[in-house]
Amino acid sequence: MRIVIYNSNTNEFDKNSFYIEQLPKCTNSYDNCLKKYTSSEIILTYQLPSNFLVDFSDKEIFENSENIKYHHLKGTTAEEIAEEILALKPDIAIQATFWTEPFDWLPLQDSRIGEILASRGIKTISHPVETALICFDKRRTRDFLLENGFNAAKSVYIHHELFRTERSHPEILNNPYQEIALSQVKKLDFPVIIKDTFGLSSYGMDVVKNFGMTKNILMSKKNSGDRLVEEFLDGPQFGTEIHGTPGNYTVFPPFMFSTNQYGITSPKQSVKIGPITNEKYNLPEFYRTMNQLAEKLSLNGIAQVDLVFHEKKWYVLEVNPRLSGLTATISTSCGKTIPEMLLNTAFLKNKETSELKYVVDMKFPVLSSEMQKKLYDFESVIFVRQMFNKKARQHREEGFCEVIFGARNSLDALEDDLEKLKKNFPEIIEPDFFKKALEMLDELKSTG
């Protein structure tokens with residue numbers, strides 16, 4: 001069986017400034033995966049950086065697996081890319097979308113590619129275009145959640161052009177749209193979060209304490225596009241992934257995310273710990289909600305969901321129909337590789353989640369290749385991945401090194417691993433991350 005795994009990139013990629021190092025190497029992951037799929041031929045069709053799927057230097061792929069084929073996609077439109085994939089004569093095509101800035105819209109293009117492939121008779125594991133559109137536009141996400149009975153934060157949508165239309169129309173004496181929008185915002189419970197309707201993750205979000213500050217932001221030059229003003233829901237934040245196809249979903253347990261000083265998750269600075277098994281988090285409701293969400297969205301592949309546990313109820317924050325920063329965490333907890341998780345969505349082999357091990361996913365500063373190897377060789381470390389941008393203008397934008405460790409049967413054993421990591425690598429442990437991880441472990445072990 002010929003299986004094509006594909007992803008695309010809408011942005012120009014600077015191969016001279018950005019690179020990713022990963023241990024174990026992606027090539028090893030494919031080699032181990034093919035031991036379980038001996039009758040399959042895998043072709044990886046990609047556009048860099050192809051997160052989690054290729055090992056590359058500052059020029060191009062520098063290490064290939066001898067057991068799979070590689071095809072660097074040249075097309076720019078979904079139609080052109082689909083034709084390239086069709087020329088490879090696949091039996092199955094699996095979407096493996098990553099993310100980019102400033103818009104998290106690669107799921108739109110990859111879903112369109114899948115739609116074209118399906119129309120030409122190819123079996124595809126690819127989210128529907130309509131699903132990708134709902135998840136891309138945070139206003140549509142909010143409307144979808146509320147219309148289908150899911151818990152979601154109250155919010156007000158601000159149409160930027162109408163909200164500040166007097167700027168380009170001096171004849172306007174009073175803006176009734178602005179007046180009504182602000183009156184609706186005033187009725188929300190504060191604090192609130194102001195966020196782009198098409199932004200990526202938590203980038204560009206503002207947590208605002210009162211109406212006056214909110215109005216000032218909305219009226220300022222900083223407000224240059226459509227916004228959602230959303231009630232801030234206090235409570236621990238989590239993420240999960242849903243894998244599979246309609247009628248055959250695997251909902252993975254929630255993993256707790258750390259939050260920054262504003263109470264939101266920062267992708268470049270978060271700590272992740274899981275899986276969550278504590279009964280105080282009302283897990284039956286969690287699994288019921290996630291299965292309903294998967295069916296309503298007709299998910300087809302891998303999707304990530306952000307949630308908050310607020311007043312003993314699960315609230316959905318957003319849905320990302322793609323691979324995510326959580327994908328490596330979950331696959332490590334499962335004792336599997338990301339390529340294996342992708343193939344399992346096609347062959348429906350992810351149903352059992354009871355054997356997941358406890359892991360911590362923690363960020364480190366940018367490290368040398370030697371230090372990454374030293375970390376990876378440490379007894380409890382399973383995964384090391386570094387993203388580095390040579391042209392970053394500020395040190396904090398250079399990148400980070402992600403380390404996943406543990407795979408233990410208890411949270412106490414996981415805490416021991418954390419302490420050993422600090423003892424053996426005191427020069428690179430970030431004190432704030434270490435403290436946050438300990439606090440999260442205490443929270444997960446408590447019954448209150």
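Could you state the orientation-averaged shadow area of the convex hull built on the Cα atoms of the chain, in nm² to one decimal?
On the way: hull surface 89.7 nm².
Mean orientational projected area (the chain, Cα hull): 22.4 nm².
Roll a 1.4 Å probe over the protein chains and send me the accessible area per residue for the chain in Å².
Per residue, the chain has an accessible area of 44 Å².
Among DSSP beta bridges whose residues both lie in the chain, state the antiparallel percentage, nearest 5.
Restricted to the chain, the bridges split so that about 80 percent are antiparallel.
Report, by chain and number, residues whose modeled amide H sits under 5 Å from the one on Ile94, excluding near sequence neighbours (fewer than 5 apart, same chain).
Correct list: Val4, Ile5, Tyr6, Ile125.
Determine the calculated [θ] at 222 nm for the chain from helices alone, applying -39500 (n - 2.57) to every DSSP H run no shorter than 4 residues and normalising by the residue count; nearest 500 deg cm²/dmol.
Computed mean residue ellipticity for the chain: -9500 deg cm²/dmol.
So, taking all protein chains as they sit and a 1.4 Å probe, how much accessible area belongs to Arg408, in Å² rounded to tens?
70 Å²
Would you kindly state how much longer the chain becomes between Lys280 and Asn409 on full extension, computed as 0.36 nm times their sequence separation minus their alpha carbon distance, in nm to one decimal?
Gain on stretching Lys280 to Asn409: 44.5 nm.
Compute the length gained on full extension between Phe211 and Asp137: take 0.36 nm times their separation in residues and subtract their Cα-Cα distance, giving the result in nm to one decimal.
The span from Phe211 to Asp137 would gain 24.2 nm if fully extended.
Cα-Cα over 22 Å: which of Lys154/Lys195; Lys195/Lys280; Lys390/Lys435? Walk me through the numbers on the way to the answer.
Numbers: Lys154/Lys195 13 Å; Lys195/Lys280 30 Å; Lys390/Lys435 29 Å.
Over 22 Å Cα-Cα: Lys195/Lys280; Lys390/Lys435.
What full-extension length gain, to one decimal in nm, is calculated for Arg120 and Phe347 as 0.36 nm per residue of separation minus the Cα-Cα distance?
Stretched out fully, the Arg120 to Phe347 stretch lengthens by 79.6 nm.
Per residue, what volume in Å³ does the Cα convex hull of region 139-213 take up? Numbers along the way, then the final one.
Values: hull volume 9.1 nm³, N = 75.
Dividing the Cα hull volume of region 139-213 by its residues yields 122 Å³.
Arg167: accessible area at probe 1.4 Å, nearest 10 Å²?
My reading of the accessible area for Arg167 is about 120 Å².
Once the whole set of protein chains is in place, how much accessible area is left on Asp206, using a 1.4 Å probe, in Å² to the nearest 10?
30 Å²
Using the beta-carbon distance between Lys435 and Asp91 and R0 = 45 Å, what value does 1/(1 + (r/R0)^6) give for FRET efficiency, to the nearest 0.05?
0.35
Within region 218-250, whose backbone N sits under 20 Å from a point 7 Å along Cα→Cβ of Met1?
Under 20 Å, as judged by backbone N against the label point of Met1, lie 243-250 of region 218-250.
Counting only protein heavy atoms and using a 1.4 Å probe, what share of the accessible area of the chain belongs to carbon plus sulfur, as a whole percent?
49 percent
Give the calculated FRET efficiency between Lys36 and Asn291 to the nearest 0.05, with a Förster radius of 30 Å applied to their Cβ-Cβ distance.
Taking R0 as 30 Å, the efficiency between Lys36 and Asn291 is 0.70.
Name the long-range amide H neighbours of Glu41: under 5 Å, sequence gap of 5 or more, or other chain; modelled H, no Pro or chain starts.
Amide H to amide H, under 5 Å and 5 or more residues apart or across chains, Glu41 pairs with Arg2, Ile3.
Over 18 Å between C-alpha atoms is what I'm after, so list which of Lys138/Lys221; Lys268/Lys373; Lys336/Lys357; Lys15/Lys391; Lys268/Lys436 land there.
In this structure, Lys138/Lys221; Lys268/Lys373 exceed 18 Å between Cα atoms.
Could you order Asp104, Asp196 by accessible surface area, starting with the largest, using a probe radius of 1.4 Å?
I get Asp196, Asp104, largest accessible area first.
The values are calculated or read from the model by the stated rules, or taken from the named source; none is laboratory data. As the structure is a prediction and not an experimental result, all values here were calculated from the model. Note that each Cβ is placed from the backbone with ideal geometry, even for glycine, and that neighbours are counted across all protein chains shown. Calculation scope for accessible area: heavy atoms of the full protein, side chains included, ligands and nucleic acids excluded. Shrake-Rupley method; radii C 1.70, N 1.55, O 1.52, S 1.80 Å.
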